[in-house]
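Working notes, beginning with the structure itself.
The values are calculated or read from the model by the stated rules, or taken from the named source; none is laboratory data. Quick caveat: nothing in here was measured; it's all calculated off a predicted structure. No Cβ is skipped: glycine too gets one built from the backbone with ideal geometry, and neighbour counts run over all protein chains shown. The area values use the complete protein model at the heavy-atom level, side chains included, leaving out ligands, DNA and RNA. Shrake-Rupley method; radii C 1.70, N 1.55, O 1.52, S 1.80 Å.
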Amino acid sequence: MITPVGEQMAREIAEQPPALSRLLHDTAQVREVARRIREARPRFVVLAARGTSDHAALYAKYLIEISLGLPVGLASPSTLTVYGARPHLNDVLWVAVSQSGGSPDLVRSTETARACGALTVAVTNAPDSPLAAAAELGVDVLAGPERAVAATKTYTSQLLALWLLVDHWRGGDGRTAAGLPDHVGSALDTPGIDGLASRLRFAPSLICTARGYSYPTAREAALKLMETSYVAAQAFSGADLLHGPLALVDADRPVLAVVGPGDGGRAMAPTLERLAAQRAELTVIGDPAGVPDVHTVVPLPADIPEELSPIVEIVPLQRLAHRLAVTRQHDPDAPRGLAKVTSTI
Ligand code: F6R
């Protein structure tokens, strides 16, 4: 039997609502890890991850810094694995995020972080993985097997697992997220993705931008577009874009701007105005809030708390990456040169 091109990725994108429901209904492990973290009273958090998982880690950085007031750093595992650094990590919570639990540099750096005194937590989709064994505590994101090289359902499950962990850590009960599977279900039906893919069909490069909680979405969208559609997609925060990269913008370099709800979305206003003034070929994912000259609007389901919106807003962009790859006659299930687990240290 011949399977249609990109069928695996399409199936895994569609599996997100049930995957998220599973996690919402099975919170015993998250609650226990949150209890252990509260008991340990960390004063600093380090998040370690690569690729898509690094975007989930960036999301968690925003969440922890904003809602718990703790400083968070994103690790450079190479300082431990390549240079042999042995930092003092007492009072530090080290959270390694990895769908496979098999990225060797994460395993090695997590072992080192634990030996250096950190409380270590592995957030993975593989509870029997080397990373889960290396860390003291573990959260299984329960996404189910993911076979397409491009991570989709494991990403949204990582985001929700991290949100649940932080919510229980700060004394919540996780119920704010109850409607999330339905919102993600609506995002799967977002209109206009095929038309947008046709418009971007010949674009050699594009820019993704967003602010605040949505910035990891812009980064993840750029990565998904690069690896499935071979478009040179670069992500900049809406603030950083104005500090130089704006000069790249012209009619031949489309811009995808993610405008989430709340403060982060509102903070995009000056960026959108500058992009419009520069006659950018601008697509807004979310609400363009009165900015003229927006070429395409990909609406997002309404009434999602800002903290949780990244779990929804990435979904139309995953569909776009899939559709654009197929439109350009690439197979998004088998991106050239990539493997599901990257084995370099
Ligand atoms: C992109 C993708 C990769 C992985 C990265 C880390 O779609 O899947 O960027 O996220 O190789 O892999 P894990 O999460 O297994 O450590």
Pairing the Cα long axis of helix 51-68 with the longest principal axis of the chain, what angle in degrees results, from 0 to 90 and rounded to the nearest 10?
70
With every atom except the alpha carbons ignored, what do you get for Rg and Dmax of the chain, in angstroms?
19.4, 56
Packing-based order for 105-116, 271-282, 214-225, 157-168, using average beta carbon neighbours within 10 Å, highest first:
214-225, 157-168, 105-116, 271-282
Per residue, what accessible area does the range 7-178 have, given a 1.4 Å probe and all protein chains present, in Å²?
39
Gaussian network model of the chain, springs between alpha carbon atoms under 10 Å - residue of ILE207, ILE314, ILE66 with greatest fluctuation:
ILE66
Angle, helix 215-229 long axis vs. longest principal axis of the chain, Cα atoms, 0 to 90°, nearest 10?
70
What is the spin-label model distance, in nm, from ALA115 to ARG279 if the labels are put 7 Å beyond Cα along the C-beta direction?
6.0
May I ask you to list the lysines whose Cα is less than 23 Å away from that of LYS61, ignoring any residue fewer than eight positions away on the same chain?
LYS153, LYS224
Calculated FRET value between ASP91 and ALA133, using beta carbons and R₀ = 35 Å, to 0.05:
0.90
Give the calculated FRET efficiency between ALA28 and ASP182 to the nearest 0.05, with a Förster radius of 25 Å applied to their Cβ-Cβ distance.
0.60
With Cα atoms, 0 to 90° folded angle of helix 28-40 axis to the chain main axis:
60
With every protein chain left in place, what is the accessible area per residue of the range 183-327 in square angstrom, probe 1.4 Å?
37
For ARG253 paired with ARG36, estimate the spin-label separation in nm (one decimal), with each label point 7 Å from Cα along the Cα-to-Cβ line.
4.6
Give me the number: length gained by fully extending ALA269 to TYR230, i.e. 0.36 nm times residue separation minus the C-alpha to C-alpha distance, one decimal in nm.
11.1 nm
Can you tell me the FRET efficiency between THR342 and TYR83 if r is taken as the Cβ-Cβ distance and R0 is 22 Å, rounded to the nearest 0.05?
0.65
Mind checking which aspartates and glutamates have their Cα closer than 16 Å to the Cα of LYS340? Skip sequence neighbours fewer than 8 apart in that chain.
GLU12, ASP54, ASP105, GLU146, GLU227, ASP331
Once you compute Rg and the Kirkwood Rh from C-alpha atoms, what is the Rg to Rh ratio for the range 7-178?
0.95
The chain - percent of accessible surface contributed by carbon and sulfur, probe 1.4 Å:
51
